[in-house]
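Accompanying notes for the structure given below.
The values are calculated or read from the model by the stated rules, or taken from the named source; none is laboratory data. Small disclaimer: the values here were computed from a predicted structure and weren't measured. Backbone-built Cβ (ideal geometry, glycine too); neighbour counts: all protein chains shown. Note: areas computed on protein heavy atoms with side chains; ligands, DNA, RNA excluded. Shrake-Rupley method; radii C 1.70, N 1.55, O 1.52, S 1.80 Å.
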Amino acid sequence: MIKLVTIIGARPQIIKAAALSRAIRQKFPDEINEIIVHTGQHYDENMSNVFFEELEIPKPDYNLNIGSGKHGEQSAKMISGIEEILIAEKPDFIILYGDTNSTLAGAVAASKIHVPIVHIEAGLRSFNKKMPEEINRIICDHCSTYLFPPTQTGFTNLITEGFKKTSSPYTIDNPGIFNYGDIMYDNTLYFSEIAEKKSNILKTLNIDEKEFLLATVHRDYNTDNEEALIGILKSFNYISAEYNLKIVFPVHPRTLKIIKSLSGHKEVDLFLKNQLIHRIEPVSFLDMILLEKYASLILTDSGGVQKEAYFFNKPCIILRTETEWVEIMETGKAVLTASSYEKIITSFNSLYKQKETEFPKIFGDGNTAELICKELLK
Ligand code: UD1
Ligand code: UDP
């Protein structure tokens, strides 16, 4: 029996953890014991709790309740809390997802006391070190023992940074890298049918299939920069009016706070009064994947949502200057516009008219979590 300590904290990590927990429960219940630690980075009901029951994730064994804060303050509290748990639990591995401050804290805490790190979603790079996530990923990758990049690009990035294809025994100085696909694809496949049965979101919002767009915005460079946020809201106002299209916009709490603080600005007030824009609270994952499945196009700066757009064969306007998911761009199904009003409108005009086509399969076979478990058990 091996013991894992899984660190979750931000919304996408809770969702990713569902796939590994499910694989452990269904396929390896007698071989893997998983202890779940929630740092409390996200804490609103609809940013955290909503996912546990719906996605069948066991209740966390520990919750550090760290909450929001400046990067250093938040990360330091997490490092300290995670260290204590690792000392007490003595796991064989720590599982870290993605690139948030919870990931960074887990990496620093574990590596210093020699708990081997398993980094899921390793190797992704935006090549923009102004993003806090880029720093978090690089640090986490370089102190991991097992790295699981979700794409070939992630794998190649690691090789470029000096990682080598090695053989076991794997250690922090001889890490193993394995491209077994994207754990989020496991989740989309698994929950897509369940969402059809359980989610009433289209009815609740009174929207019809294919007659709406879906949008999310939460990156700091879009929310904390007035010009950028206004550019995005202005483009939503224009598109909804020009095409008479509804836009469903589940608003991240960070973004909501800033939009409210900008009321009085012409475009913000137009946005707030716009009857075609459904500004709603963050939704559950089942609601979200149903919205993604039935939207005609998705506008987002989220890493997870741009990929799910691809899983559901939806064109995507990526409200960023670069992406870690370059494969999506290479297929021509998505366009990078940053927050530029002109670029968003031009890209929308061309992408919206594109005929629906199948998108090539590039994120694995939907069994990534099982492959990861098998590798750790070797
Ligand atoms: C974090 C991650 C980002 C990830 C995103 C997923 C870092 C550096 N960033 O960004 O990579 O894409 O999560 O959503 O780790 N807030 C609430 N309630 C909550 C959570 C947050 O009101 O439950 C508000 C607080 O005002 C907080 C702000 O949102 O200060 C930002 O939260 P934080 O977790 O620091 O960063 P995110 O923008 O959510
Ligand atoms: N998501 C959700 N409800 C929402 C918005 C997003 O369940 O209201 C899901 C989305 O389907 C994806 C994940 O959250 O699986 C992406 O998280 P987020 O956009 O917060 O972060 P990122 O992926 O950019 O790190």
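On a C-alpha basis, how far is the centre of the range 155-174 from the centre of the range 260-277 in Å? Whole number, if you could?
Taking the Cα centre of each part, the range 155-174 and the range 260-277 sit 49 Å apart.
If you roll a 1.4 angstrom probe over the protein chains with everything in place, what fraction of the accessible area of the chain belongs to carbon and sulfur, to the nearest %?
Numbers: 8210 of 16020 Å².
Roughly 51 percent, rounded to a whole number.
Considering only DSSP states other than H, G, I, E and B, which trypsin sites (Lys or Arg not before Pro) in the range 295-370 qualify as loop sites with at most 12 other Cβ atoms within 10 Å?
Passing both the DSSP loop test and the Cβ count: 355, 361.
Quick query: amide H of residue 278 versus all other amide H atoms, modeled in the peptide plane; which residues come in under 5 Å with a sequence gap of 5 or more or a different chain?
Long-range HN contacts for residue 278: 247, 248, 249.
Among 38, 104, 345, which residue has its Cα furthest toward the positive end of the charge dipole of the chain, with +1 on Lys/Arg Cβ and -1 on Asp/Glu Cβ?
Value computed over the given set: 345.
If you place +1 on the Cβ of every Lys and Arg and -1 on the Cβ of every Asp and Glu, how big does the dipole about the Cα centre of the range 209-303 come out, in debye to the nearest 20? Intermediate values should be presented prior to the final figure.
Numbers: 11 positive and 13 negative charges, 36 e Å.
Value, rounded to 20: 180 debye.
Note down the relative contact order for the range 171-321 as a percent, whole number, built from C-alpha pairs under 8 angstrom at least six residues apart. Intermediate results must be reported in sequence, preceding the final value.
Details: 195 pairs, mean separation 46.3, N = 151.
Computed over the range 171-321, the figure is 31 percent.
Show me the ranking of peptides 75-82, 298-305 by mean Cβ neighbours inside 10 Å, starting with the highest.
Most protected by this proxy first, the peptides run 298-305, 75-82.
Filter the cross-link list 203/353; 203/293; 27/293 down to pairs whose alpha-carbon distance in this structure exceeds 21 Å.
From 203/353; 203/293; 27/293, over 21 Å: 203/353; 27/293.
So if a site counts as exposed when it's one of the GluC sites (Glu not before Pro), its DSSP state isn't H, G, I, E or B, and it has at most 10 other Cβ atoms within 10 Å, what's the longest stretch of the chain without one?
Values: sites that count: 356, 358.
That would be 1-355.
Can you tell me the dipole magnitude for the range 80-210 around its Cα centre, using point charges on the Cβ only (Lys, Arg +1; Asp, Glu -1), in Debye to the nearest 20?
Approximately 200 debye in magnitude.
What does the convex hull of the alpha-carbon atoms of the chain project to on average, in nm²? Spell out each step's value before the answer.
Details: hull surface 69.8 nm².
Result: a mean projected hull area of 17.4 nm².
Hey, what number do you get for the chain at 222 nm if only DSSP H runs of n ≥ 4 count, each worth -39500 (n - 2.57), divided across all residues, to the nearest 500?
Values: 17 runs with 180 residues, N = 378.
Computed mean residue ellipticity for the chain: -14000 deg cm²/dmol.
Give the separation of the Cα centroids, the range 213-254 to the range 123-148, in Å.
The distance from the Cα centre of the range 213-254 to that of the range 123-148 comes to 28 Å.
When only C-alpha pairs under 8 Å and at least 6 residues apart count, what is the relative contact order of the chain, in percent?
Once normalised by length, the contact order is 15 percent.
With springs only between Cα atoms under 10 Å apart, run a GNM on the chain and tell me which of 250, 60, 360 wobbles the most.
Comparing 250, 60, 360 in a Gaussian network model of the chain, the most mobile one is 360.
For the range 1-145, what is Rg from Cα atoms divided by 2.2 N^0.38 Å, rounded to two decimals?
Working it through for the range 1-145, the quotient is 0.97.
Above 14 Å lies some portion of the pair distances; for the range 319-378, what is it as a whole percent of all C-alpha pairs?
Numbers: 1204 of 1770 pairs.
It works out to 68 percent of all Cα pairs.
Any idea which of 72, 122, 329 is furthest toward the positive side of the dipole for the chain, if Lys and Arg beta-carbons carry +1 and Asp and Glu beta-carbons -1?
So the residue furthest toward the plus end is 329.
Using protein chains only and a probe of 1.4 angstrom, how many square angstrom of residue 28 are accessible, to the nearest 10?
Probe radius 1.4 Å; accessible area of residue 28 about 20 Å².
For the chain, what is the accessible area per residue in Å² when the probe is 1.4 Å?
Averaged over the residues of the chain, the accessible area is 42 Å².
Report the one residue of 243, 23, 285 whose Cα lies farthest in the direction of the positive end of the charge dipole of the chain (charges on C-beta: Lys and Arg +1, Asp and Glu -1; origin at the Cα centre).
Checked the options; the winner is 243.
With only Lys, Arg, Asp and Glu charged, each at its Cβ (+1 for the first two, -1 for the last two), find how big the charge dipole of the chain is about the Cα centre; round to the nearest 20 debye.
380
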